There are 2 protein chains.
Amino acid sequence: MSPSSNLQLQHFHVNKAARAKVNKQKPCVLWFTGLSGSGKTTLSNQLEQALFDRGHRTYALDGDNVRHGLNKDLGFTEHDRKENIRRVAEVAKLMVDAGLIVIATFISPFKTDRDMARSIFEPGEFFEIYVDTPIATCEARDPKGLYKKAREGQIKNFTGIDSPYEVPLQPDLTINTHTLSVDQAVQQLLQLLQLHE
Amino acid sequence: MSPSSNLQLQHFHVNKAARAKVNKQKPCVLWFTGLSGSGKTTLSNQLEQALFDRGHRTYALDGDNVRHGLNKDLGFTEHDRKENIRRVAEVAKLMVDAGLIVIATFISPFKTDRDMARSIFEPGEFFEIYVDTPIATCEARDPKGLYKKAREGQIKNFTGIDSPYEVPLQPDLTINTHTLSVDQAVQQLLQLLQLHE
């Protein structure tokens with residue numbers, strides 16, 4: 001416990017490379033962006049299952065497990081939405097350091113926030129996945145009834161209604177949910193990770 | 001991608017139990033509390049190495065990887081120190097959900113903050129480890145030169161100097177660093193996790 005033994009121990013520190021090796025995978029984050037109701041969660045769930053079935057170590061970050069815990073102090077002002085994305089990106093970074101493949105699903109409508117997220121990762125660790133579904137389709141699905149509330153003015157600053165969605169200009173992958181089945185989309189994602197069979 | 005297929009997919013969601021099973025471990029958090037210089041980091045490093053060598057999936061959260069990222073917006077006011085601990089506890093919870101054994105090393109001098117951390121975990125998931133080292137020893141070591149600065153008034157609200165450390169009343173384990181070697185302490189920690197050989 002002396003300072004010198006303390007220094008010595010640095011050599012043995014378990015790190016990202018060691019964790020990646022035992023997990024037999026390259027830790028990274030797949031950042032799903034798209035409108036509410038675009039299918040991000042469906043794709044995320046199916047992808048995580050596919051990765052799990054192949055023996056990979058994963059974690060899915062989404063509004064459900066973040067907004068009620070880590071970010072429960074945040075609302076939906078411009079500042080708070082930005083801070084929400086910042087914290088999620090930092091947690092994803094810690095999880096990538098922990099050797100995991102992280103699947104983050106957040107509307108994340110602003111390019112500047114998505115670019116900020118990418119900027120804290122090493123090259124090749126961050127994949128921006130644009131889930132491209134027309135807003136008419138998202139609104140027709142309206143799985144949580146949010147579009148209806150937004151149209152009625154009960155929710156303010158709702159992406160696609162009275163707040164903009166900035167379409168990714170250079171995503172690592174665009175998933176057109178009108179032309180691809182979920183299974184086909186998952187295959188494309190596995191291919192992106194070079195994990196297809 | 002229809003709402004109905006969305007519902008169906010819920011059955012297949014990868015969860016904590018599934019991750020614990022493939023990782024062959026019970027996910028939990030070991031929360032090390034103690035004065036600056038008490039030996040928390042030394043113990044944490046050695047424990048993580050011992051767990052890694054046994055094939056366990058771990059992650060160590062500490063000031064180094066949190067203060068420069070997730071919590072870089074926080075200072076050292078009472079509010080910010082509380083928020084620092086709250087966020088770390090929430091990240092640890094997400095990582096436990098991800099199937100990991102999390103080692104958190106934070107001075108965390110206040111009982112109310114440590115109790116808050118414990119409160120967000122399920123019973124049996126949170127272990128409070130008190131690293132019990134006399135302040136005279138910590139100050140003599142002073143590995144980062146912080147006690148010197150605190151004595152000189154360059155650092156305010158320094159735990160043990162001009163800010164209190166509330167000794168844990170019912171920790172899950174107390175490690176007396178004057179009577180135990182690092183190896184012996186690690187054995188006690190493995191025993192606590194029922195992982196001793």
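Overview of results
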read-out	value
Pick from segment B:161-197, criterion within 14 Å of chain A (Cβ to nearest Cβ) and among the small types (G, A, S), ranking: nearest to B:P109 (Cα to Cα)	B:A185
Matching residues, segment A:56-81, being aromatic (F, W, Y) and crowded, with 16+ Cβ neighbours inside 10 Å	A:Y59
Of residues in segment B:117-158 being over 16 Å from B:C28 (Cα atoms) and aliphatic (A, V, I, L, M), the one nearest to the chain's Cα centre (by Cα)	B:V131
Index of the failed condition, B:L30 passing every other in (1) facing chain A (nearest Cβ under 10 Å); (2) surrounded by 21 or more Cβ atoms within 10 Å (Cβ to Cβ); (3) of a type in the set (A, V, I, L, M)	(1)
Residue within segment B:122-131 that is closer than 20 Å to B:L43 by Cα, surrounded by 11 or more Cβ atoms within 10 Å (Cβ to Cβ) and within 13 Å of chain A (Cβ to nearest Cβ) present	yes
Exclusive hit being β-branched (V, I, T), modelled with pLDDT under 95 and not in a helix (DSSP H, G or I), set A:V22, A:V14	A:V14
Residue identified as within 28 Å of B:A60 (Cβ to Cβ), within 12 Å of the chain's Cα centre (by Cα) and away from chain B (no Cβ under 11 Å) among A:I85, A:I103	A:I85
Residue within segment B:143-157 that is away from chain A (no Cβ under 12 Å) and within 30 Å of B:Q191 (Cα to Cα) present	no
Pick from segment B:14-36, criterion among the basic types (K, R) and touching a Pro at 6+ places or on another chain (Cβ under 9 Å), ranking: farthest from B:K111 (Cα to Cα)	B:R19
Flag if B:D113 is buried (at least 18 other Cβ atoms within 10 Å of the Cβ) and in a helix (DSSP H, G or I)	yes
Test: B:P164 is surrounded by 14 or more Cβ atoms within 10 Å (Cβ to Cβ) and either closer than 18 Å to B:R81 by Cα or not polar (S, T, N, Q) (or both)	no
Qualifying positions in segment A:178-195 - assigned to a loop (DSSP other than H, G, I, E, B) and under 26 Å from A:M116 (Cα atoms)	A:L193, A:Q194
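Listed here are the residues, each with its yes/no results for (1) assigned to a helix (DSSP H, G or I); (2) basic (K, R); (3) closer than 24 Å to B:E125 by Cβ; (4) without any contact (Cβ under 8 Å) to a residue 40 or more places away in the chain.
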| position | (1), (2), (3), (4) |
| --- | --- |
| B:W31 | no, no, yes, no |
| B:G37 | no, no, no, no |
| B:T41 | yes, no, yes, no |
| B:S44 | yes, no, yes, no |
| B:D80 | yes, no, no, yes |
| B:I85 | yes, no, yes, yes |
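The values are calculated or read from the model by the stated rules, or taken from the named source; none is laboratory data. Bear in mind that the values here come from a model prediction, so they are computed numbers and not experimental data. Virtual Cβ from ideal backbone geometry, glycine too; neighbours counted across all protein chains shown.
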